[in-house]
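A.B. asks: Structure provided below as structure tokens; questions to follow.
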Amino acid sequence: MSKRESIANNIVSTLQGATTPVAPKFVTREPFDFNELSNAQFPAIFLQTTSEDRVDATIGDSRITREGTITYQVIGYVKATTIDTARNNLIETIEEALDADRTRNGNALDTQIVSIETDQGAIAPVGGIIVTVQVMYNFTRGAT
């Protein structure tokens with residue numbers, strides 16, 4: 001399995017195991033319609049890879065080391081009578097869980113949350129968040 005795939009899988013498993021201040025009930029890399037979720041499936045999270053920048057870290061031979069920065073969107077949905085509080089709790093859960101191991105189980109050099117957005121009430125009675133995460137890693141070209 002590639003480091004890229006290992007990193008994405010690690011983010012999912014990390015978020016599935018998060019419990020404080022809330023425990024996500026549904027975490028996936030596959031798109032879903034939040035309107036089709038039962039109340040018991042909230043908070044729900046969809047992890048989406050959005051882009052990757054790459055540069056050569058070494059040059060001059062056939063085993064070039066490359067450095068990549070993958071950008072992910074952690075898209076979360078909450079359902080509660082206090083939507084803003086529920087959104088804030090889910091954001092804190094995501095941040096605390098991802099900060100616990102910034103190396104993504106040794107596959108990354110660093111993990112950083114770079115932005116947080118909310119739906120601003122547009123999908124009430126559900127609340128939505130987008131946490132943008134960047135993960136820097138390196139790999140040897142041609143190696144999986």
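A.B. asks: Report the full-extension gain for the segment Asp61 to Gln41: residue separation times 0.36 nm, less the Cα-Cα distance, to one decimal in nm.
C.D. replies: Working: separation 20, 0.36 × 20 = 7.20 nm, distance 5.05 nm.
Difference between extended and current length: 2.1 nm.
A.B. asks: Calculated FRET efficiency, Gln112 and Thr20, Cβ-Cβ r, R0 22 Å, to nearest 0.05?
C.D. replies: Using R0 = 22 Å, I get an efficiency of 0.60.
A.B. asks: Separate question: Give me the tail of P(r) for the range 49-106 as a percent: Cα-Cα pairs with distance above 14 Å. Please list the in-between numbers first.
C.D. replies: Working: 1176 of 1653 pairs.
Above the 14 Å cut-off, the range 49-106 has 71 percent of its Cα pairs.
A.B. asks: Multiply the residue gap between Ser51 and Val12 by 0.36 nm, knock off their C-alpha separation, and tell me the result in nm, one decimal place.
C.D. replies: Details: separation 39, 0.36 × 39 = 14.04 nm, distance 1.73 nm.
Contour length minus the Cα-Cα distance gives 12.3 nm.
A.B. asks: Continuing with the same structure: Measuring from label point to label point, each 7 Å out along Cα→Cβ, what is the Phe32 to Met136 span in nm?
C.D. replies: It works out to 3.4 nm between the two label points.
A.B. asks: May I pose another question? Please give me the summed charge of the neighbours of Arg87: other residues whose Cβ is under 12 Å from its Cβ, Lys and Arg +1, Asp and Glu -1.
C.D. replies: Details: positive: Lys79; negative: Asp84, Glu92, Glu117, Asp119.
Computed value for this residue: -3.
A.B. asks: Another one. Specify the angular offset, from 0 to 90 degrees and rounded to the nearest 10, of the alpha carbon long axis of helix 3-16 from the longest principal axis of the alpha carbons in the chain.
C.D. replies: Helix 3-16 and the main axis of the chain meet at about 20 degrees.
A.B. asks: Also, I was wondering about something else. From the backbone phi of the range 114-123, what are the Karplus-calculated ³J(HN,Hα) couplings (6.51 cos²θ - 1.76 cosθ + 1.60, θ = phi - 60°) in whole Hz, Gly and Pro given as x?
C.D. replies: Values per residue, Gly and Pro as x: 10, 6, 9, 10, 10, 7, 6, x, 5, 10 Hz.
A.B. asks: Scan (i) 11.6; (ii) 10.0; (iii) 8.7 for the value of mean projected area of the Cα convex hull in nm² calculated from this model and give just the label.
C.D. replies: Only one listed value fits the structure, namely (iii).
A.B. asks: On C-alpha positions alone, give me the angle between the axis of helix 83-99 and the longest principal axis of the chain, in degrees, nearest 10.
C.D. replies: 30 degrees
A.B. asks: To the nearest 20 debye, what is the magnitude of the charge dipole of the chain about its Cα centre, counting +1 on the Cβ of each Lys and Arg and -1 on the Cβ of each Asp and Glu?
C.D. replies: On the way: 12 positive and 18 negative charges, 76 e Å.
Here the size comes out at about 360 debye.
A.B. asks: Calculate the length of the line joining the C-alpha centroid of the range 3-53 to that of the range 100-114, in whole Å.
C.D. replies: So the two Cα centres are separated by 16 Å.
A.B. asks: Relative contact order (percent) for the range 3-140, with alpha-carbon contacts under 8 angstrom and 6 or more residues of separation? Kindly include the intermediate steps, with their values, before the conclusion.
C.D. replies: Working: 273 pairs, mean separation 35.3, N = 138.
The normalised contact order for the range 3-140 reaches 26 percent.
Every read-out reported here was derived from the displayed coordinates using simple, explicitly stated rules and does not represent laboratory data. Quantities reported herein were computed from a predicted structural model and do not represent experimental measurements. Counting neighbours? That spans all protein chains shown, and the Cβs are built from the backbone with ideal geometry, glycine included.
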